[in-house]
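Every read-out reported here was derived from the displayed coordinates using simple, explicitly stated rules and does not represent laboratory data. Just so we're clear, the structure is a prediction, and the values are computed from it rather than from any experiment. Backbone-built Cβ (ideal geometry, glycine too); neighbour counts: all protein chains shown.
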Amino acid sequence: MLNRKQKHILLKFFSLFSVVRGYNILIIVIAQYLTSIYILAHNKPLKQVVFDLNLFMIVLASSVTIAGGYIINNFYDSEKDLINRPIKSRLDRLVSQNTKLSFYFVLNFLAAIMASYVSFKAVVFFSIYIFGIWFYSHKLKKLPFVGNLTSAILTITPFFAIFMYYKNFETVIFVHAMFLFLIISMRELTKDLENIKGDLVQNYKTIPIAYGERVSKLMLTILCALTLIPTYLLLFKYEIGHMYLYFYLSTLLLLGFQVLLWRSKTKTHYLILHNTLKFIIVLGVFSILLIDITIVLHRI
């Protein structure tokens with residue numbers, strides 16, 4: 001049995017884990033490694049990729065930067081989250097704002113140290129990334145279009161870091177990136193629809209607030225239609241192995257998304273839509289394995 005002090009420490013740990021969204025960071029780490037093995041460095045021996053210390057430091061620097069980003073975002077959104085996510089907000093508030101800020105600066109310092117192991121260019125890259133996350137949380141996220149675009153770009157930036165490390169400029173990589181960017185953009189706009197109540201109270205000028213729900217739904221429909229372009233290219237122009245199964249399934253899920261979208265009126269409906277897009281993203285990460293299911297055996 002845990003005593004009262006131990007329970008308090010455990011609750012604070014879960015609170016901090018909730019603030020930094022450790023589950024999201026774990027998915028990003030897995031995604032970075034799978035992207036490196038199967039797409040960006042597919043011609044390199046498996047051991048050379050998996051045990052590459054530079055890659056490890058880039059992934060680690062990305063993880064602590066993203067964790068710091070979640071902290072600073074939570075710091076600025078604390079009042080809004082009380083309305084939009086009351087249960088999560090209560091858990092997050094078990095850790096004081098001062099503690100969160102201190103942890104934020106420590107994480108950013110660690111990111112710079114890790115990046116310095118790779119190169120000076122990596123330090124500059126992550127410094128710009130850290131500043132971009134702060135500027136988005138402080139200013140840009142309250143602006144329609146600019147906030148959504150910036151958030152989508154910041155989300156794919158960790159993959160851009162390993163893309164620059166391997167300097168693989170194959171066209172198929174850009175097509176994969178286009179699909180991911182469109183899905184993430186849809187998710188950001190869906191989140192705005194889901195959080196419209198809290199955003200309105202806190203005077204956030206998001207797209208649903210500035211232009212209305214109907215315009216937001218129309219934009220989501222256009223973004224959804226645009227995903228068909230990279231999907232078609234990946235299915236019929238490039239060799240993606242058994243990953244074709246993922247793109248057929250994601251197309252069906254997006255069709256279902258569209259049907260529900262135009263019938264959605266409540267926060268619960270938008271939450272279901274948001275989770276559908278999150279499922280497509282997470283499923284896409286593990287579907288990278290389907291590009292070549294024998295790749296591990298061939299490259300050991």
Report summary line: Note on the range 20-147: contact order normalised by length, alpha-carbon pairs under 8 Å, 6 or more apart, percent, works out to 29
Query raised in the report: Using a Förster distance of 41 Å, how high is the FRET efficiency between Phe14 and Asn54, based on the Cβ-Cβ distance and rounded to 0.05?
Result: 0.80
Query raised in the report: Could you work out the helix-only [θ] at 222 nm for the chain, with each DSSP H run of four or more residues adding -39,500 (n - 2.57) and the total divided by the number of residues, to the nearest 500 deg cm²/dmol?
Result: -25500 deg cm²/dmol
Query raised in the report: Where a Cα-Cα gap under 18 Å defines reach, which aspartates and glutamates qualify for Lys278, not counting those fewer than 8 residues away within the same chain?
Result: Glu188, Asp192, Glu194
Requested in this report: Only Lys, Arg, Asp and Glu count, each charged at its Cβ (+1, +1, -1, -1), so figure out the dipole size of the range 218-300 about its Cα centre, rounded to 20 debye.
Outcome: 360
Query - Footprinting exposure proxy for Leu10, Leu94, Leu180 (fewest neighbouring C-beta atoms within 10 Å first) - result: Leu10, Leu94, Leu180
Report summary line: Net charge (Lys, Arg +1; Asp, Glu -1) of residues whose beta-carbon lies under 14 Å from that of Arg214, Arg214 excluded, is +1
Report task. Take the alpha carbon atoms of the range 20-147, find their radius of gyration, then divide it by 2.2 N^0.38 Å using N residues; give the quotient. Result -> 1.19
Report task. Over the range 170-293, calculate the relative contact order: mean separation of alpha carbon pairs under 8 Å at least 6 apart, over the residue count, as a percent. Result -> 35
Query raised in the report: Tell me, in nm to one decimal, what length is gained between Phe169 and Asn98 on full extension, where the rule is 0.36 nm per residue of separation less the Cα-Cα distance?
Result: 21.2 nm
Requested in this report: Set the Förster distance to 41 Å, then compute FRET efficiency between Asn203 and Leu252 from the Cβ-Cβ distance, nearest 0.05.
Outcome: 0.60
**Report entry** In the range 47-85, the chymotrypsin sites (Phe, Trp or Tyr not before Pro) that fall in loop regions by DSSP, at most 10 other Cβ within 10 Å
**Finding:** Phe51
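How much length, in nm to one decimal, is gained on full extension between Arg214 and Arg263, taken as 0.36 nm per residue of separation minus their Cα-Cα distance?
Full extension from Arg214 to Arg263 adds 16.5 nm.
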Query raised in the report: About its Cα centre, how strong a charge dipole does the range 122-251 have in debye, to the nearest 20, once Lys and Arg get +1 and Asp and Glu get -1 at the Cβ?
Result: 320
Report summary line: From the cross-link list Lys142/Lys267; Lys100/Lys197; Lys217/Lys237; Lys205/Lys267, the entries with a Cα-Cα span beyond 24 Å are Lys100/Lys197; Lys217/Lys237
Query raised in the report: How many nm is it between the label spots at Lys88 and Lys44, if each spot is 7 Å from the Cα in line with the beta carbon?
Result: 3.4
Query raised in the report: Taking the simple approach of a point 7 Å from Cα along Cα-to-Cβ for both Phe236 and Glu79, what is their distance in nm?
Result: 5.2
**Report entry** Distance between modelled label sites at Phe135 and Tyr117, nm, 7 Å Cα→Cβ extension
**Finding:** 2.9
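State the Kirkwood hydrodynamic radius of the range 145-230 in Å, one decimal place, computed from all pairs of distinct Cα atoms.
About 14.1 Å for the range 145-230.
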